[in-house]
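These notes are about the structure you will find just below.
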Amino acid sequence: LFRSVKPVWEKRFPLRFPQLVTMATARPVVSVYNFENPSEKSSTVVMPHVLTMPLRPDLVREVHKNVSKNARQAYAVGAKVGYDTAAESWGTGRAVARIPRAPGGGTHRAGQATFGNQARGGGMFNPTRVWRRWHRRVNVTQKRHAVVTALAASSLPPLVMARGHRIGEVAELPLVVSDGMESVTKTKQAVEALKKLGAGEDLQKVLDSKKLRPGKGKARNRRYKMRCGPLVIYNEDNG
């Protein structure tokens, strides 16, 4: 019997969304809009090959899951936590369990069970260690493929809108602007330019999304949370 052998790539990353694995776009050229007058097009450029790559959400999910583990810090309980007392079992004959008990008298602590993981203040079962495998090695080629497919997805309006971005007034995606944008020096000018290009609605969404962070992050220099807005990619920083 003949049995076809699947490529190694397909074995490692089975296609969970086969309907999405298609060319991201078939447009041959992209319009370049004038920075001074965004309503007019100055020229056109060939669509970059990277923006026409197949979409691999399964690969992006796998790479992001593993790469995001590489910023973790090790944590563990102390070696003596739960065992820092001269406890000893009372033995049999006193109608109590034979678990070690705290010594002394005159306090609530005296006679309380210790050491056991079921006891209050005792040691935990299978205590955490700092030598756990915290980080993950990710294949460089897979990381590059994940970046490429994410860039390709950013040029598809349905996927960008599904993520929550407001692009109703944007002329097209990807939105290419002339080189004058790189010489902007003031934030006010940059915001005004983005509004003229149709990104004002998305900027307003970001401003309205500022909220207090739940949990302890408020006290750890992460007090507020805010949505992401337009992604600006430039070649030279002349501003």
Residues within region 188-232 that are in a loop (DSSP other than H, G, I, E, B) and within 20 Å of the chain's Cα centre (by Cα), tallied: 16
Region 135-149 residues that are among the small types (G, A, S), paired with ones that are assigned to a loop (DSSP other than H, G, I, E, B) (beta carbon under 8 Å, 6 or more apart): A146/R56
Filtered residues of region 159-206 (kept if over 29 Å from P57 (Cα atoms), hydrophobic (A, V, I, L, M, F, W, C) and surrounded by fewer than 16 Cβ atoms within 10 Å (Cβ to Cβ)): A190, V191
Every residue from region 138-150 that is in a loop (DSSP other than H, G, I, E, B) and surrounded by 15 or more Cβ atoms within 10 Å (Cβ to Cβ): V138
Sole residue being modelled with pLDDT under 95 and hydrophobic (A, V, I, L, M, F, W, C), chosen from L212, L194: L194
Among residues of region 48-79, those that are closer than 30 Å to R129 by Cα, of a type outside the set (D, E, K, R) and not in a helix (DSSP H, G or I), counted: 7
Among residues of region 166-194, those that are closer than 22 Å to R27 by Cα, out of contact with any Gly (no Cβ under 9 Å at 6 or more places or on another chain) and not charged (D, E, K, R), counted: 5
Region 29-42, residues that are within 23 Å of E192 (Cβ to Cβ), in contact (Cβ under 8 Å) with a residue 24 or more places away in the chain and either outside any loop (DSSP other than H, G, I, E, B) or not hydrophobic (A, V, I, L, M, F, W, C) (or both): S31, V32, Y33, N34, E36, P38, S42
Only listed residue being open to solvent by 40 Å² or more (accessible area, probe 1.4 Å) and in contact (Cβ under 8 Å) with a residue 40 or more places away in the chain, chosen from A86, A153, A74: A74
Residue count for region 51-66, restricted to those that are closer than 20 Å to V30 by Cα and open to solvent by 50 Å² or more (accessible area, probe 1.4 Å): 1
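The values are calculated or read from the model by the stated rules, or taken from the named source; none is laboratory data. None of these values were measured; they are calculated from a predicted model. In this analysis, Cβ positions are derived from the backbone assuming ideal geometry, glycine residues included, and neighbour counts consider all displayed protein chains. Protein only, heavy atoms only, side chains kept; ligands, DNA and RNA dropped before computing areas. Shrake-Rupley method; radii C 1.70, N 1.55, O 1.52, S 1.80 Å.
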